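S.K.: The following block contains the structure, expressed as structure tokens.
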Amino acid sequence: MNKIILKSVSAAIMTLSIAPFAHALSGDTKLACEAILCLSSGTRPSECTPSLRKFFSIWDKKPWKIPQKRLNFLNLCPVVGAGAAASGIAVLESVGGNDANEIQNLLNSSQKAMPELLNAIAHGAGYCDAAHLNKHNTERRTHTRWKYVNHDFGCTTEEITYYVISDKKPNYCQVYEDHAFTHEIETKYIGTPETGGKWAEAKDYARALQEYNDNKKPASYYLPEDDSRCRSDRGRSGSSLWNSWNNDRGSR
């Protein structure tokens with residue numbers, strides 16, 4: 001079965017498993033079920049606002065504790081995958097899925113996949129969108145340039161530290177995006193780290209790519225250039241320059 005269809009059907013089965021609870025419950029239990037539905041899709045209508053506000057308000061002064069607290073919240077939803085079995089088969093058949101083994105395997109895996117989904121959401125939601133990756137998923141680089149010290153010492157080199165946006169996602173983001181029950185939450189990397197590359201939401205990829213091509217520059221473009229007074233001295237260390245200038249002065 002086509003991978004895209006299979007992923008869409010898996011997401012449909014998950015929705016059929018949770019949606020009845022979201023409508024029947026109230027309070028944090030209801031919000032937990034709604035949060036699972038909303039955070040499993042890149043399409044988030046206004047009805048998602050209360051549950052998303054609740055999910056993202058969960059915080060701890062120790063950042064590594066936040067995912068577990070969010071997972072505890074999501075676990076308030078009494079998710080039952082078996083109740084969606086009959087509806088799941090109907091969905092599969094409606095999109096052309098007639099392989100009995102594939103249908104059965106998909107339904108059997110839903111119970112195992114649900115805890116994995118909640119864990120993926122708890123660790124990935126809010127940390128894997130393009131805006132967050134572009135701000136926090138960076139790599140350190142160094143740029144060496146010549147700078148002028150003074151007449152006696154001449155020039156020396158200095159290293160300038162700068163950061164580029166990494167083109168590698170954290171593992172938890174890949175797990176979140178690749179899960180069978182998530183849909184349209186992917187991000188794509190445009191360009192390369194050394195040419196100002198960045199992440200974009202899949203739905204915005206074409207526009208972001210055009211913007212990147214129109215403004216592409218080396219990542220070091222805005223860094224200080226070599227001092228013009230040092231251009232003839234490239235390739236020589238500060239100490240050798242200092243010795244040569246002192247020798248010249250001493251022979252005068």
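S.K.: Out of curiosity, is Leu31 surrounded by 19 or more Cβ atoms within 10 Å (Cβ to Cβ), within 23 Å of the chain's Cα centre (by Cα) and modelled with pLDDT of 90 or more?
M.R.: Numbers: surrounded by 19 or more Cβ atoms within 10 Å (Cβ to Cβ): yes; within 23 Å of the chain's Cα centre (by Cα): no; modelled with pLDDT of 90 or more: yes.
Here the answer is no, as Leu31 does not meet what is asked.
S.K.: In region 34-64, which residue that is surrounded by 11 or more Cβ atoms within 10 Å (Cβ to Cβ) and either more than 22 Å from the chain's Cα centre (by Cα) or assigned by TED's automatic domain parsing to the domain that holds Ala180 (or both) is farthest from Cys77 (Cα to Cα)?
M.R.: Checking each candidate, the answer is Glu47.
The rows are residues; the columns are (1) outside the structural domain of Thr182 (by TED's automatic domain parsing); (2) of a type in the set (Phe, Trp, Tyr); (3) in a helix (DSSP H, G or I); (4) at pLDDT below 60.
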position: Asn72; (1), (2), (3), (4): yes, no, yes, no
position: Val80; (1), (2), (3), (4): yes, no, no, yes
position: Ile103; (1), (2), (3), (4): yes, no, yes, yes
position: Glu116; (1), (2), (3), (4): yes, no, yes, no
position: Glu139; (1), (2), (3), (4): no, no, no, no
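S.K.: Right, next: Which one of these is hydrophobic (A, V, I, L, M, F, W, C), surrounded by 16 or more Cβ atoms within 10 Å (Cβ to Cβ), in contact with a Leu (Cβ under 9 Å, 6 or more places away or on another chain) and outside any helix (DSSP H, G or I): Ala200, Ala219? Write out each step before concluding.
M.R.: Details: Ala219 fails: in contact with a Leu (Cβ under 9 Å, 6 or more places away or on another chain).
Unique residue meeting the criteria: Ala200.
S.K.: Only one of Ile185, Ile190 is over 18 Å from Gly126 (Cβ atoms), surrounded by 17 or more Cβ atoms within 10 Å (Cβ to Cβ), at pLDDT 90 or above and among the hydrophobic types (A, V, I, L, M, F, W, C); which? If you could, list the steps in order and put the result at the bottom.
M.R.: Numbers: Ile185 fails: over 18 Å from Gly126 (Cβ atoms).
Matching residue, one of Ile185, Ile190: Ile190.
The values are calculated or read from the model by the stated rules, or taken from the named source; none is laboratory data. Note that the coordinates shown come from a computational prediction; the quantities given were computed from them, not determined experimentally. Positions of Cβ are generated from backbone atoms using ideal geometry, with glycine treated the same way; all protein chains shown enter the neighbour counts.
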